[in-house]
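The structure under discussion appears below in the form of structure tokens.
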Amino acid sequence: MNRPAANDLTHWKPLADLALACAPLETLATDEQGAETLRIDTCGLYLDFSKHRVNDEILANLLALAEERDWQRRTEAMFAGETINTTEQRAALHTALRAPRDAQPETIGDVVHEQLTRLNKFAASVIEGGWRGYTGKAITDIVHIGIGGSHLGPELAVEALRDIPSRLTFHFVANVDGSVLESALANTDPETTLFTIVSKSFTTLETRENATAARNWFLERTGDADAIARHFVAVTTNTEAATAFGIDRANLFPIWDWVGGRFSMWSAVGLPILLATGAKGFSALLAGAHAMDHHFATTPAERNGPLLAALLGIWNYNFLGVNNHAILPYDHRLRLLPNYLQQLETESNGKSVRHDGSAVGLHTMAILWGGEGTTGQHAFHQMLHQGTRAFSADFIVAREADHPWPEQHRWLLANCFSQSQAMLLGQDTDDPHKQVDGGHATTTIIMDRLSPHTLGALLAFYEHKVFCQGLIWDINSFDQWGVELGKRLADVIFEQLGGATTLTQDDSTHALIKRARAASNPEQS
Ligand code: F6P
């Protein structure tokens with residue numbers, strides 16, 4: 001299908017003109033009446049976009065961009081399982097993983113629900129201690145091995161929901177750096193440890209190396225290959241490779257190519273979440289995400305949270321020159337959210353070509369980073385308030401605390417709100433060292449309370465935001481070809497570091513390899 005480039009959309013040029021003439025953020029954001037349309041209460045989340053530099057006219061034009069991109073029909077196409085991942089010829093049906101049985105696309109409803117039933121049964125036996133290790137002891141430790149989408153969501157959710165009591169201890173191993181596996185295994189006992197090996201492809205280097213090392217560690221201590229069946233389970237689309245690795249077929253949980261890695265925590269990839277929070281917690285997480293799916297699919301554009309978030313991001317990045325976006329959770333339990341969103345947003349929308357292969361011709365996803373408040377206030381917030389870089393930010397906080405110190409929670413909220421206020425208003429002084437310009441656009445999201453339901457809604461909110469930005473830029477948000485080159489080069493360098501082949505590198509890389517070889521084996525330098 002022939003679609004215009006984003007900057008050839010009819011409403012793009014008027015927006016560019018409006019940006020040039022736009023009043024300062026401080027002025028716009030204090031128009032209480034206008035701002036009310038920018039506050040949305042849905043799925044246990046209060047989405048406050050009122051600190052963005054927009055007025056009615058700008059908003060109308062942004063919404064018109066979405067109309068020009070036919071966002072509603074294309075949202076329906078995603079939910080219906082059309083092949084929207086055009087470079088891999090796949091659907092992107094993560095929404096089907098959290099839909100109730102009667103709301104799922106017919107063709108896949110059964111497999112999703114059969115899988116969930118199997119997962120729930122397996123998790124219950126581990127949680128209740130019915131699942132025994134090879135010496136008859138109950139499992140106490142879960143070592144989760146996976147990377148990227150097979151790691152970030154599960155670890156984020158297990159950490160975020162750790163107020164739900166669990167007798168299991170969780171360890172996450174992603175990096176190929178062996179020190180991560182070493183510390184995960186340091187205090188675990190093979191008799192009571194369950195390894196969850198998660199890799200959509202089952203070919204990813206880091207997961208392959210960590211899983212192989214873990215299996216060797218296990219075999220050295222047990223000396224019993226049959227014991228693997230009680231201690232290793234896998235989640236993958238590549239069931240052949242997992243079986244070849246030694247995973248018992250009974251311990252294999254398939255996933256499907258219509259689930260993108262970074263959208264996969266709602267599938268069997270979320271097994272650690274299920275083990276940590278039980279069937280009740282996991283189904284509440286899915287229900288929260290489904291509630292947001294429903295909001296997104298059925299709410300008119302001007303009250304649609306994910307769509308507005310996407311359009312305001314486009315406004316900031318493409319029209320106001322913002323080039324980085326900070327994620328600032330004011331909740332220690334959400335401290336991994338910036339890492340999770342870094343993959344979700346930048347691996348999805350950090351692209352420079354359109355569906356048809358032509359250049360996007362403008363900036364796509366901003367640099368996304370962040371860190372938890374209030375600790376960040378004593379570190380990088382200095383740069384936010386007085387540095388020279390343009391940024392926007394998302395503040396995320398829970399209205400209710402889950403600890404017994406209400407005053408501390410009041411301080412947390414006070415700091416969260418005062419930071420976005422300072423970023424909005426700044427302060428004018430005669431002392432240039434104390435001048436704070438303000439004028440930075442921020443979104444504040446207040447969760448009623450951090451629960452599986454609101455966490456599901458929050459993450460689905462960001463997924464749909466990503467989808468909408470991809471629509472506007474006309475890029476495929478569901479592939480990630482850019483990561484392949486580094487993987488291929490690493491294979492060659494790995495061999496050369498081993499000294500097996502002649503060096504065929506550029507001079508700079510050649511020198512690094514020589515230096516590393518000299519350190520590990522003076523003979524080979
Ligand atoms: O290298 C990027 C990537 O393919 C991500 O998209 C993915 O989430 C991650 O690697 C892990 O892939 P897998 O689940 O196949 O091991």
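The values are calculated or read from the model by the stated rules, or taken from the named source; none is laboratory data. Note that the coordinates shown come from a computational prediction; the quantities given were computed from them, not determined experimentally. Note: ideal-geometry Cβ built from the backbone for every residue, glycine included; neighbour counts use all protein chains shown.
A few notes on this one:
- Some residue of segment 159-173 being more than 24 Å from ALA284 (Cα to Cα) and surrounded by 21 or more Cβ atoms within 10 Å (Cβ to Cβ): yes
- Residue in segment 410-429 that is nearest to ASP48 (Cα to Cα), counting only those that are polar (S, T, N, Q) and not in a helix (DSSP H, G or I): GLN427
- Considering residues of segment 122-153 that are without any contact (Cβ under 8 Å) to a residue 60 or more places away in the chain and part of a helix (DSSP H, G or I) only, the residue farthest from GLY270 (Cα to Cα): GLU128
- Residue within segment 469-487 that is among the hydroxyl-bearing types (Ser, Thr, Tyr), within 33 Å of the chain's Cα centre (by Cα) and modelled with pLDDT of 95 or more present: yes
- From LEU337, LEU320, LEU341, residue being more than 16 Å from the ligand (Cβ to nearest atom) and under 19 Å from the mean Cα position of the chain (by Cα): LEU337
- Among the residues making up segment 448-457, a single one is crowded, with 24+ Cβ neighbours inside 10 Å and either within 13 Å of the ligand (Cβ to nearest atom) or not in a helix (DSSP H, G or I) (or both): LEU450.
- Scanning segment 471-487 for residues that are within 15 Å of the ligand (Cβ to nearest atom) and assigned to a helix (DSSP H, G or I) yields TRP481, GLY482, VAL483, GLU484, LEU485, GLY486, LYS487.
- Whichever residue in segment 458-470 is aliphatic (A, V, I, L, M) and closer than 17 Å to THR75 by Cβ and, among such residues, is nearest to the ligand (Cβ to nearest atom): VAL466
- Among residues of segment 207-233 being buried (at least 17 other Cβ atoms within 10 Å of the Cβ) and small (Gly, Ala, Ser), the one that is modelled with the lowest pLDDT is ALA227.
- Residues (in contact with a Ser or Thr (Cβ under 9 Å, 6 or more places away or on another chain), of a type in the set (Val, Ile, Thr) and within 12 Å of the ligand (Cβ to nearest atom)) located in segment 201-235: THR204, THR207, VAL235
- Applying the set (1) farther than 18 Å from GLY470 by Cα; (2) of a type in the set (A, V, I, L, M); (3) touching a strand residue (DSSP E or B) at 6+ places or on another chain (Cβ under 6 Å) to LEU336 leaves exactly one unmet item: (3).
- Residues within segment 124-148 that are in contact with an Asp or Glu (Cβ under 8 Å, 6 or more places away or on another chain) and either within 16 Å of the ligand (Cβ to nearest atom) or on the phi > 0 side of the Ramachandran plot (or both), tallied: 3
- For segment 125-148, residues that are surrounded by fewer than 15 Cβ atoms within 10 Å (Cβ to Cβ) and over 17 Å from PHE170 (Cα atoms) total 4.
- Here TRP266 fits the description: outside any helix (DSSP H, G or I), surrounded by 24 or more Cβ atoms within 10 Å (Cβ to Cβ) and of a type outside the set (A, V, I, L, M).
- Residues of segment 371-391 that are part of a loop (DSSP other than H, G, I, E, B), hydrophobic (A, V, I, L, M, F, W, C) and closer than 18 Å to LEU320 by Cα: ALA390 alone.
- Whichever residue in segment 491-511 is among the hydrophobic types (A, V, I, L, M, F, W, C) and either more than 24 Å from THR204 (Cβ to Cβ) or in a loop (DSSP other than H, G, I, E, B) (or both) and, among such residues, is modelled with the lowest pLDDT: LEU503
- A single member of ALA227, ALA213 is over 21 Å from ILE147 (Cβ atoms), assigned to a helix (DSSP H, G or I) and hydrophobic (A, V, I, L, M, F, W, C), and it is ALA227.
- Residues of segment 27-59 that turn out to be in a helix (DSSP H, G or I) and surrounded by 15 or more Cβ atoms within 10 Å (Cβ to Cβ), as a count: 6
- Boolean, LEU205 is more than 22 Å from the chain's Cα centre (by Cα) and under 30 Å from THR83 (Cβ atoms): no
- Leading residue by the ranking (nearest to the ligand (Cβ to nearest atom)) among those in segment 150-200 that are closer than 29 Å to GLU463 by Cα and among the charged types (D, E, K, R): LYS200
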